[in-house]
Amino acid sequence: MTNQPSPNAQFVPFNGYHQTQQGEPDWELAKVGAGTVCGEYLRRYWHPIFLTGELGDKPKLIRILGEQLVLFRDRSRRIGLVHKKCPHRRASLEFGRIEARGIRCCYHGWLFDIHGAILEIPGEPADSPSAKKIMQTERLGAYPVHEYHGLIFAYTGPPEEQPPFPIYDTFKLPDMVMTPYAVSFNCNWIQVLDAIVDPVHTAFLHQGQFSDGLGELGEIQFYERQKNRIIGTAARRVGDNIWVRVNELILPNFTQSGAAFAVDGTVEKYFGRSAFTRWMVPIDDEHCIAFSWGNFGERADPLEFNTPEELQRIEQGEPINRSYRQKQQSPGDIEAVEGIGAISDHQKEHLLSGDRGIMLYRRRIWRLCRDLAAGKPPPQPTDLAPNVIPTYGSDTVLKIPQPDGNDCPALLKQINDQVMDIFFQADTLEGADRDRFVFEQLSQI
Amino acid sequence: MTNQPSPNAQFVPFNGYHQTQQGEPDWELAKVGAGTVCGEYLRRYWHPIFLTGELGDKPKLIRILGEQLVLFRDRSRRIGLVHKKCPHRRASLEFGRIEARGIRCCYHGWLFDIHGAILEIPGEPADSPSAKKIMQTERLGAYPVHEYHGLIFAYTGPPEEQPPFPIYDTFKLPDMVMTPYAVSFNCNWIQVLDAIVDPVHTAFLHQGQFSDGLGELGEIQFYERQKNRIIGTAARRVGDNIWVRVNELILPNFTQSGAAFAVDGTVEKYFGRSAFTRWMVPIDDEHCIAFSWGNFGERADPLEFNTPEELQRIEQGEPINRSYRQKQQSPGDIEAVEGIGAISDHQKEHLLSGDRGIMLYRRRIWRLCRDLAAGKPPPQPTDLAPNVIPTYGSDTVLKIPQPDGNDCPALLKQINDQVMDIFFQADTLEGADRDRFVFEQLSQI
Amino acid sequence: MTNQPSPNAQFVPFNGYHQTQQGEPDWELAKVGAGTVCGEYLRRYWHPIFLTGELGDKPKLIRILGEQLVLFRDRSRRIGLVHKKCPHRRASLEFGRIEARGIRCCYHGWLFDIHGAILEIPGEPADSPSAKKIMQTERLGAYPVHEYHGLIFAYTGPPEEQPPFPIYDTFKLPDMVMTPYAVSFNCNWIQVLDAIVDPVHTAFLHQGQFSDGLGELGEIQFYERQKNRIIGTAARRVGDNIWVRVNELILPNFTQSGAAFAVDGTVEKYFGRSAFTRWMVPIDDEHCIAFSWGNFGERADPLEFNTPEELQRIEQGEPINRSYRQKQQSPGDIEAVEGIGAISDHQKEHLLSGDRGIMLYRRRIWRLCRDLAAGKPPPQPTDLAPNVIPTYGSDTVLKIPQPDGNDCPALLKQINDQVMDIFFQADTLEGADRDRFVFEQLSQI
């Protein structure tokens, strides 16, 4: 909306004194530690926590959801994820010795396996009843992990509630090259997550950073599906074409969009897939980390973009380590979201129609958190499809000449709806069957 | 006072155990944030906040009186000072884009002018009633600024109480070269302000750093005028001359003294003016910054001292960036006041007659703060003279041979009184008229 | 104790979610500031606080038991230890000027002597009654110090309770070279102190870092003597020899053990003495510093180990400044104790028989702290012997072939007891007399 300034009767210029700067964060969403409302909700899902390629022969001290943990691969090649401190005298297992059966504390040699069992207490007499009792009743806190395509995932919730590891359709696209990467943000996870269902920021913050045409705002719509999916679409006119781009969030933190560079709306395309497949994982209340695959190949961005530098641009629009001057010159997502501060004062936000996706997903998380607190487990992505879970993040470019030389928003909205309807209809199909169905339907719009 | 140690009957040596080290700060003076007693009082005045020469084509994130603000010059050359965060989704305007009409948020392109008006919300439909409403009812916190002689001043108090920008006599001295500078202190503003009405520290801390003769303590007197001026004078005997130096504080934080290097008492001088014209501006409770002009020319220090290095010496007696060893060897004001800690424990002070100026100004601020809390606005420097405000910071050296070969303190005190009386009588005069009157009267002492 | 993992019926693998990571520290022992339970107890003893060799011609700002203090040697060569801040306007005395009679504050020239007396207030008139009163009634907090063998000791407790400076036998060993050193730890003093009466960690953490043979666990026993001594012994079989190593803690924080490199059990030795004579001194709740002498000569480690590098290895098993990778490769004491965190969550410990020394000394400190709070002063090391205090930290290697080719623990235990009994019997003897008695008795085992 553009208006002339309206210094009307009520307008008081230079009124900063009468406006409080600081407001309250939405603590219910912002806090991620054990025992917090949202922390408990987040603990019901698998999250990527490390890059396989960075796990060598020494333990790694990491922080996830506010917990300090030690990750290691034992000499039997099993990956262990355990609490940081030895239950004996609290030494850090980051200095532990890795062995075939697990990890041995550096201080007094207690040996633990990846399940958390205490296998040896070597400093005690062989017949010590107190040592025997400890080995039977105590254990090291441990979590299950799952290694997949170069990312290590963990589940840190109640073991009796462990959900299946979800396989999304984009994990299985033929000929797709998936390159794992991680980017850290010095701020709360919510304010980074916000951007995925915010197609407006793409047209402003990222102007000139991705494909031409993304600088155009387009007609934006939001969809909510199956209590855990928030979808934002933007339909843009490019010459004789209409370009529908779909951003998606599967709760709590799985995100996909369209291509970063491959599509600009000038060439017809059916169901091109996401530049990234990405999880926004909380480290603690004031830090988070995007674990992701950059996707390259015919269905996503060209293979030439598969470099460390371009992965940074796919993640946030610009390279990451820049001078303050460069950041001011052309800010990326990191500048936008970290500039807000460690935890945003959500109370002071003024959300408008372009922020509807944000309102939808936050409200949905609130509801799911409260349901969980009341004893009702949150939905899992695998609820929709037990094998391969359909996702929608994509670009579709359809040849639809302007009916009378001037698009009405209604037409763009209608195309958004039609494209999403085709995707939803295909939910029960998999792989090539689904693609065939979607392509055929799209060709008939 | 010099005495032999008096390990009298009551003296317990090595009694540190029975003496508490830590005391309470005077929180009423020390706290400067919005809503605090002294913070509200300080907000009733114009303060320098930035050097014009350092404001380029990008916004600057600054902190003043505990508030995070963004300063910028729009492409129409108007200077804006606004709250840090965009009212939409709280992105920092330090990454904003500067335009002809104001500053545009990097995240979603909201445009604000220097008055705080929201000029554009481009991400919303042209007919959006909610966007229209926000543009009419919400605004970005903004403050008026005034650029003067290379310093940018701001007023961050209630707009309905905005005082006139004060023009002091020293801004208008003919042929004076005024060089703006800024020096930061990592401590509360009060403990830096203290030094201006503390002529004793000049004789000890600054021994050998400024003019010879300042190492002599002299006869010290304090004057309080018009509820907002605290003046400290030191009269020193130098050969056949008596040198009267006047330090002044105009509340809350405007300070002047005599020359740093030009005067040593050996040569007669009438009403030489201050080495600096300086404000001690709180950044937050634990940091402050001296914004100042160094004054050079016939009435102040010689032009050859107009260098970045000498400005540092004028400010604190020594260069600023030195090794810890150098600081220990010859401490300056920064070592003295930062060594006290972030906020002094005023409760533990033992103030004596040389600290009377400090007691006077602190009590005066307390009273003005309480008056303000009770609804009575504090006095403005412009109350005394609406055009050019007379100030007193100065050096005067008079030929007055010793009456009987030995000065009595009474004579020095009398000279202090006579000199100040002449200055006070001249309060209603301006410029050359005032100088003429003062010179003539001084010549008759 | 070594066992097969017992994933028995009750064992829940990956049960981290149900185990709280964080527990409570033992605040009673961990807090060391003035007025805290353990802080008051610690203040009843002399502690080393600085290396003589590092005290030059400028004051030193230090922190001990949570207090910020300034240490200096005046021009009369007397060492002063005083509170950080000048009682006048709270300037830090680290910027003070050292003079023949004491230290002069940089700010206004107040002069203090090492006893805390205010000798001069030069900024006040000679006849000022208020200055005179301050000089008589106020003083700078000061503490007595004692310089000995390159270490500066201080007593910061109530002056009326100042204990004698304790002279331990190891200060007086003929031909011993004592090299002072200091090593800082970024954690609470308790978790560093723990290691001295923990012979088990020597066999694991320090495997390969000290003498061969120390990697063997041995038969461990603990002794408590005179309410302030905790002794841990380890008897190891080495060929035809039994090697008895004695570690000792004299409360609150004096520690000794055997040699680091000189003894490996293969050669007979009677009453070889400690590699170090060491105090674990709290800086504040989250930092401590080991002040120590490394001992070299016939009775301790060979003189060739008297280098800065080897002193670091004696202190913690490895050099101190290493890469994180090196620390992971071969952790030393610093990695073990700092890895625990700033203050351990003692509540989460699981102490076993090897930790009995730790339980003993902690309980003993608790009791002594409570006695002190109830008005009963804690025991002093000089209570046992007013002149030279006997200590036990040592190595003894006795030729005792295996009775039937296989040691029973009972024999090793018996040797531990016999050796300690001889030491205890010798408590009333001094110097060569004591050595002669001990040697003769040991030769008869």
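The values are calculated or read from the model by the stated rules, or taken from the named source; none is laboratory data. The structure displayed is predicted, hence computed values, not measured ones. Positions of Cβ are generated from backbone atoms using ideal geometry, with glycine treated the same way; all protein chains shown enter the neighbour counts. Each accessible area value is taken on the protein alone, full model and side chains, heavy atoms only, with ligands, DNA and RNA left out. Shrake-Rupley method; radii C 1.70, N 1.55, O 1.52, S 1.80 Å.
For the range A:264-286, a tally of residues being part of a loop (DSSP other than H, G, I, E, B) and of a type in the set (S, T, N, Q) returns 2.
Of the residues screened, B:ARG299 is one that is charged (D, E, K, R) and open to solvent by 20 Å² or more (accessible area, probe 1.4 Å). Evaluation of A:ILE289 against the conditions (1) over 28 Å from A:ARG363 (Cα atoms); (2) assigned to a strand (DSSP E or B); (3) modelled with pLDDT of 95 or more; (4) open to solvent by 10 Å² or more (accessible area, probe 1.4 Å) shows that the sole unmet condition is (1). Residues of the range B:14-25 include at least one that is more than 11 Å from every other protein chain (Cβ to nearest Cβ), under 27 Å from B:ILE343 (Cα atoms), surrounded by fewer than 23 Cβ atoms within 10 Å (Cβ to Cβ) and in contact (Cβ under 8 Å) with a residue 40 or more places away in the chain. The numbered conditions (1) surrounded by fewer than 21 Cβ atoms within 10 Å (Cβ to Cβ); (2) more than 18 Å from C:ARG229 (Cβ to Cβ) are all true for C:THR382 except (2). The number of residues in the range C:248-285 that are farther than 19 Å from C:MET178 by Cα, open to solvent by 10 Å² or more (accessible area, probe 1.4 Å) and under 22 Å from the mean Cα position of the chain (by Cα) comes to 3. Checked against (1) farther than 30 Å from C:GLU216 by Cβ; (2) touching a Phe, Trp or Tyr at 6+ places or on another chain (Cβ under 9 Å), A:ARG77 passes all but condition (2). What are the residue pairs meeting all of these: first residue in the range B:84-98, first residue among the acidic types (Asp, Glu), second residue part of a loop (DSSP other than H, G, I, E, B), Cβ atoms under 6 Å, and 6 or more apart or on different chains? Short answer, once both residue conditions are applied: B:GLU94/B:PRO59. Here the condition is being open to solvent by less than 10 Å² (accessible area, probe 1.4 Å) and within 22 Å of A:PHE296 (Cα to Cα); of A:THR202, A:THR179, A:THR170, it holds for A:THR170 alone.
What number of residues in the range B:176-212 are modelled with pLDDT of 95 or more and among the hydroxyl-bearing types (Ser, Thr, Tyr)? Here the count works out to 3.
Within the range B:412-427, the set of residues being open to solvent by 30 Å² or more (accessible area, probe 1.4 Å) and in contact (Cβ under 8 Å) with a residue 24 or more places away in the chain comprises B:LYS413, B:ASP417, B:GLN418, B:PHE424. Taking the range A:314-329, which residues are within 24 Å of the chain's Cα centre (by Cα) and either within 19 Å of B:LYS84 (Cα to Cα) or touching a residue at least 24 places away in the same chain (Cβ under 8 Å) (or both)? Answer for the range A:314-329, where residues must be within 24 Å of the chain's Cα centre (by Cα) and either within 19 Å of B:LYS84 (Cα to Cα) or touching a residue at least 24 places away in the same chain (Cβ under 8 Å) (or both): A:ILE314, A:GLU315, A:GLN316, A:GLY317, A:GLU318, A:ILE320, A:LYS327. The listed residues are A:ARG364, A:ARG370, A:ARG356, and the only one of them that is surrounded by 17 or more Cβ atoms within 10 Å (Cβ to Cβ) and either more than 14 Å from every other protein chain (Cβ to nearest Cβ) or under 17 Å from the mean Cα position of the chain (by Cα) (or both) turns out to be A:ARG364. Among the residues of the range A:211-222, are any out of contact with any Lys or Arg (no Cβ under 8 Å at 6 or more places or on another chain), open to solvent by 20 Å² or more (accessible area, probe 1.4 Å) and within 28 Å of A:LYS31 (Cβ to Cβ)? Checked the range A:211-222: no residue is out of contact with any Lys or Arg (no Cβ under 8 Å at 6 or more places or on another chain), open to solvent by 20 Å² or more (accessible area, probe 1.4 Å) and within 28 Å of A:LYS31 (Cβ to Cβ).
A single member of C:GLU161, C:GLU147 is within 14 Å of chain B (Cβ to nearest Cβ) and open to solvent by 40 Å² or more (accessible area, probe 1.4 Å), and it is C:GLU161. Within the range A:291-313, being hydroxyl-bearing (Ser, Thr, Tyr) and free of Cβ contacts under 8 Å to residues at least 24 places away in the same chain holds for one residue alone: A:THR307. Applying the criterion of at least 2 residues that are open to solvent by 20 Å² or more (accessible area, probe 1.4 Å) to the strands (runs of 3 or more DSSP E) found wholly in the range C:38-126 leaves C:46-51, C:60-64, C:67-73, C:97-99. Applying the selection to the range C:132-144, what residues are outside any loop (DSSP other than H, G, I, E, B) and either of a type in the set (Lys, Arg) or touching a helix residue (DSSP H, G or I) at 6+ places or on another chain (Cβ under 8 Å) (or both)? Answer for the range C:132-144, where residues must be outside any loop (DSSP other than H, G, I, E, B) and either of a type in the set (Lys, Arg) or touching a helix residue (DSSP H, G or I) at 6+ places or on another chain (Cβ under 8 Å) (or both): C:LYS132, C:LYS133, C:ALA142, C:TYR143. Of all residues in the range A:164-180, those satisfying the criterion of being in contact with a strand residue (DSSP E or B) (Cβ under 8 Å, 6 or more places away or on another chain) and either part of a loop (DSSP other than H, G, I, E, B) or within 14 Å of chain C (Cβ to nearest Cβ) (or both) are A:PHE165, A:PRO166, A:ILE167, A:LEU173, A:MET176. In the range B:316-333, of all residues being open to solvent by less than 10 Å² (accessible area, probe 1.4 Å) and closer than 20 Å to B:HIS287 by Cβ, the one that is nearest to the other protein chains (Cβ to nearest Cβ) corresponds to B:GLY332.
Any residue in the range B:389-400 that is touching a strand residue (DSSP E or B) at 6+ places or on another chain (Cβ under 9 Å), open to solvent by less than 30 Å² (accessible area, probe 1.4 Å) and among the charged types (D, E, K, R)? Within the range B:389-400, one or more residues are touching a strand residue (DSSP E or B) at 6+ places or on another chain (Cβ under 9 Å), open to solvent by less than 30 Å² (accessible area, probe 1.4 Å) and among the charged types (D, E, K, R). Taking B:SER76, is it out of contact with any Ser or Thr (no Cβ under 9 Å at 6 or more places or on another chain) and small (Gly, Ala, Ser)? Against the criterion (out of contact with any Ser or Thr (no Cβ under 9 Å at 6 or more places or on another chain) and small (Gly, Ala, Ser)), B:SER76 qualifies. Residues that are on the phi > 0 side of the Ramachandran plot and more than 7 Å from chain A (Cβ to nearest Cβ) within the range B:99-138 comprise just one, B:GLY102.
The residue pairs whose first member lies in the range C:110-131 and is free of Cβ contacts under 8 Å to residues at least 40 places away in the same chain, whose second member is assigned to a strand (DSSP E or B) and polar (S, T, N, Q), and whose beta carbons are closer than 9 Å, counting only pairs six or more residues apart or on different chains, are C:LEU111/B:THR2; C:LEU119/B:THR2; C:GLU120/B:THR2; C:ILE121/B:THR2; C:PRO122/B:THR2; C:ALA126/B:THR2. None of A:GLY80, A:GLY96, A:GLY33, A:GLY66 is at positive phi and either at pLDDT below 95 or within 11 Å of another protein chain (Cβ to nearest Cβ) (or both) except A:GLY66.
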